[in-house]
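Worksheet: one structure, shown below.
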Amino acid sequence: MKHYRIAAIPADGIGPEVISAGLQALEALERRDGGFRLDVTCFDWGAEHYRRTGAMMPEDGTEQLVAFDAIFFGAVGAPDVPDHITLWGLRLPICQGFDQYANVRPTRILPGIRSPLAGVGPGDLDWVIVRENSEGEYSGHGGRAHRGLPEEVGTEVAIFTRVGVTRIMRYAFGLAQSRPRKLLTVVTKSNAQRFGMVMWDEIAAEVAKAFPDVTWDKMLVDAMTVRMVKNPRSLDTIVATNLHADILSDLAGALAGSLGVAPTANIDPERRYPSMFEPIHGSAFDITGKGIANPVATFWTAAQMLEHLGEAAAAARMMRAVERVCADGVMTPDVGGTATTQEVTEAVCEAIRRENVDFR
Ligand code: IPM
Ligand code: MG
């Protein structure tokens, strides 16, 4: 039997609620499947750790994580701790320290969930956004001078490297190639930003030569928002910079019905380090402790984690269970239901246990 070591970091807000839900579903899958075991270690890092110790995680945090096969992450953010501290103190050091340069964000309209777009239902919107996750606008390169004075300056420099752009482009073309439509849209803003963004376009054209069976096109990020809304069927795999994809993936989540169902995987494609799996929605402290957080994004990212670990059959079973439960209308209020987090979780675990077709 295969054993995988999973580091769970529930962290802040609704993070602990959805990670607990995700672990219950994973356990149901483990029992059902019988071929693998997850050894889960929980880490109590996050805003509470910061209040206690002045740091979001211990100084050797990433060293403690390096031996794990994957990281299952909740959310960071708290009302009383500045966002840049929670983010740069925990999530970004893991993403950047482990060179998880490919951020993969699938979006689909699940059965039973309504898109705000008229006439668009399951099957009409099936995208994967590949977000460059190691550089660009999130490089942390910049500074402030003459603080507080009228002549104060703040810079926030986006860094694009040939290595960084080439590797994300290869990943995106490879992913597009693995999907039935073999269709990739490369997003930039190369009309206004004529250095780094023009380099993106050039590298896309170079990398494309190695993927002759992938159809690809280019979009400017502003026009891309219009295309996503007006012609969702025309898109499949999408690659964009760290910031552009951050924005586009929120739009994608909203068009698919709710950010509450949107998952994300922070992947080191070379597998030198553990990859990290998390729901996109964040800590949502307005609903923390109410028991109504949508666990679907976490189930979906757990499926991404299983897939990454090589347990594709279990990943597919998780998604079939989630789709069944959504189709049955067992959903949290953010997607128009009345169920609690725990009710949805129990329904998904039950669907995992009861599914009679064994795909292994
Ligand atoms: C996301 C989030 C984060 C990001 C926030 C919390 C900084 O919006 O994962 O999309 O921008 O990377
Ligand atoms: Mg975002």
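I want the antiparallel fraction of DSSP beta bridges within region 1-135, as a percent rounded to 5.
Once the DSSP bridges in region 1-135 are tallied, antiparallel ones form about 40 percent.
Placing +1 at every Lys and Arg Cβ and -1 at every Asp and Glu Cβ, with all other atoms neutral, what dipole size does region 242-360 have around its Cα centre, in debye to the nearest 20?
Magnitude of the dipole: close to 260 debye.
Once a ≥ b ≥ c are taken as the square roots of the eigenvalues of the Cα gyration tensor of region 153-284, is the result rounded (a/c under 1.5), prolate (a/b larger than b/c) or oblate (a/b not larger than b/c)?
It is rounded, given that a/c, with a ≥ b ≥ c, falls under 1.5.
So if each residue of separation counts as 0.36 nm, and I subtract the Cα-Cα distance between residue 217 and residue 166, what length gain in nm does that give? It would help to have the intermediate numbers written out before the result.
Values: separation 51, 0.36 × 51 = 18.36 nm, distance 1.65 nm.
My answer for the length gained is 16.7 nm.
By DSSP, what percent of the beta bridges with both residues in the chain are antiparallel, rounded to the nearest 5?
Numbers: 21 of 49 bridges.
Bridges in the chain are about 45 percent antiparallel.
Determine which aspartates and glutamates satisfy two conditions relative to residue 209: a Cα distance under 15 Å, and not lying fewer than 8 residues away in the same chain.
Output for residue 209: 201, 217.
In nm, to one decimal, how far is the residue 205 label point from the residue 88 one, both placed 7 Å along Cα→Cβ?
Inter-label distance under the simple model: 3.7 nm.
Distance from a point 7 Å along Cα→Cβ of residue 286 to each backbone N in region 258-273: keep the residues under 14 Å and list them by number.
In region 258-273, the label zone of residue 286 (backbone N under 14 Å from the point 7 Å along Cα→Cβ) covers 259-260.
Kindly sort 353, 5 by accessible area of their heavy atoms, largest first, with the probe set to 1.4 Å.
Solvent-accessible surface, decreasing: 353, 5.
Give me the number: length gained by fully extending residue 153 to residue 124, i.e. 0.36 nm times residue separation minus the C-alpha to C-alpha distance, one decimal in nm.
That pair, residue 153 and residue 124, stretches by 5.8 nm at full extension.
Where in region 20-100 are there GluC sites (Glu not before Pro) that are in a DSSP coil and have at most 10 other Cβ atoms within 10 angstrom of their Cβ?
Sites meeting the loop and neighbour criteria: 59.
What does the charge add up to near residue 45, with Lys and Arg as +1, Asp and Glu as -1, over the other residues with Cβ less than 15 Å from its Cβ?
Net charge in that neighbourhood comes out at -4.
Gaussian network model of the chain, Cα springs within a sub-10 Å range: biggest mean-square fluctuation belongs to which of 192, 158, 302?
Highest fluctuation of the listed residues: 192.
Restricting to DSSP H runs of at least four residues, report the calculated mean residue ellipticity at 222 nm for the chain, -39500 (n - 2.57) per run over all residues, nearest 500 deg cm²/dmol.
-12000 deg cm²/dmol
Could you list the trypsin sites (Lys or Arg not before Pro) in region 192-257 that lie in coil according to DSSP, counting only those with at most 12 other Cβ atoms within 10 Å of their Cβ?
Numbers: sites: 194, 209, 218, 227, 230, 233; in loops: 194, 209.
Loop-located and lightly packed - 194, 209.
What whole number of Å gives the distance from the Cα centroid of region 103-168 to the Cα centroid of region 301-354?
That distance is 27 Å.
Under the rule that an exposed site lies in a DSSP loop and has at most 10 other Cβ atoms within 10 Å, name the longest stretch of the chain with no chymotrypsin sites (Phe, Trp or Tyr not before Pro) of that kind, not counting the sites themselves. Don't skip to the answer; put the middle values down first.
Details: sites that count: 195, 359.
Longest gap between qualifying sites, sites excluded: 1-194.
Over the residues of region 292-360, compute the C-alpha Rg and express it relative to 2.2 N^0.38 Å.
1.09
How many Å² of accessible area per residue for the chain, probe 1.4 Å?
Accessible area per residue: 43 Å².
Along the Cα-to-Cβ line of residue 247, 7 Å from the Cα, sits a label point; which residues in region 135-158 have backbone N less than 19 Å from it?
Inside the label zone: 135-141, 155-158.
Just to confirm the filter: which GluC sites (Glu not before Pro) across region 259-360 are DSSP coil and have at most 12 other Cβ within 10 angstrom of their Cβ?
Sites meeting the loop and neighbour criteria: 270.
Using a Förster radius of 35 Å, what is the FRET efficiency between residue 312 and residue 191 based on their Cβ-Cβ separation? Nearest 0.05, please.
0.30
The values are calculated or read from the model by the stated rules, or taken from the named source; none is laboratory data. These figures come from a predicted structure and were not determined experimentally. Virtual Cβ from ideal backbone geometry, glycine too; neighbours counted across all protein chains shown. Only protein heavy atoms, including side chains, enter the accessible area calculation; ligands, DNA and RNA are left aside. Shrake-Rupley method; radii C 1.70, N 1.55, O 1.52, S 1.80 Å.
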